[in-house]
Structures are given as C-alpha cells and as structure tokens.
1. Run the numbers for Leu46 and Thr16: contour at 0.36 nm per residue of separation, minus the present Cα-Cα distance, in nm.
2. Net charge near Tyr58: determine it from the other residues with C-beta under 12 Å of the C-beta of Tyr58, scoring Lys and Arg +1 and Asp and Glu -1.
3. Suppose each label sits 7 Å from its Cα in the direction of the beta carbon; what would the Ser31-Tyr9 distance come out to in nanometres?
4. Would you mind counting up the charge near Ser31? Only other residues with Cβ under 9 Å from its Cβ, with Lys and Arg at +1 and Asp and Glu at -1.
Amino acid sequence: DVGQIGLVYYTQWKTTNDQGFDLPPAFDGRSRMFGLGPEITVPFPLPGLAGIVTVRYYTELENRVATQGDSFIINLTLHLPAISR
C-alpha cells in the first residue's frame with residue numbers, strides 16, 4: 001500500500017441560544033466553527049505487525065462565540081495478526 005493524501009474538515013453549529021446565564025454580548029449567541037486542512041495516511045509493515053500513521057492538521061476559520069486555533073493530530077494504529085495454531 002502506498003498511502004493517502006486528502007483534505008479533512010469539520011463544522012459545528014449551535015442551534016439554540018444560551019439561557020440562564022448573564023454573558024457578555026460577545027459570548028451570548030449561537031456558536032459556529034469550521035476547520036479545514038490536509039491529512040496524510042501512510043501504512044508501514046513491521047515484523048509481525050501492520051501499522052498505519054495518520055497525520056492531520058486543522059486550521060479553524062470564521063469561529064463565532066468561541067476561541068479559534070489550529071490542531072495537529074497524529075494517530076498511530078498497530079495491528080497484531082492472530083496467531084494460527
């Protein structure tokens with residue numbers, strides 16, 4: 001296997017207003033978040049194991065009523081095949 005390169009994204013909307021809290025106007029409303037970035041997945045063989053590494057980078061865009069930042073995520077998956085007897 002060669003691997004994969006692609007685009008990752010997420011979005012989140014809050015559909016109701018906050019109730020019962022006295023919040024400043026900048027934080028009193030319906031939040032909205034968008035994230036977008038690249039993803040690379042690479043399989044690698046090891047003796048007796050199969051592995052996959054996935055690297056993702058999100059940058060957040062147009063956040064409203066929430067902090068905004070970037071995320072860098074590394075996932076490592078290892079598979080130990082069943083031993084036949």
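Rule-based calculations on the coordinates, nothing more; no lab input. Source: prediction; values computed, not measured. Cβ coordinates were reconstructed from backbone atoms using ideal geometry, including for glycine residues, and neighbour counts include every protein chain displayed.
1. 5.8 nm
2. Every neighbour counted, the sum reads -2.
3. Here the answer is 2.1 nm between the modelled labels.
4. Values: positive: Lys14, Arg30, Arg32, Arg64; negative: none.
Residues close to Ser31 contribute a combined charge of +4.
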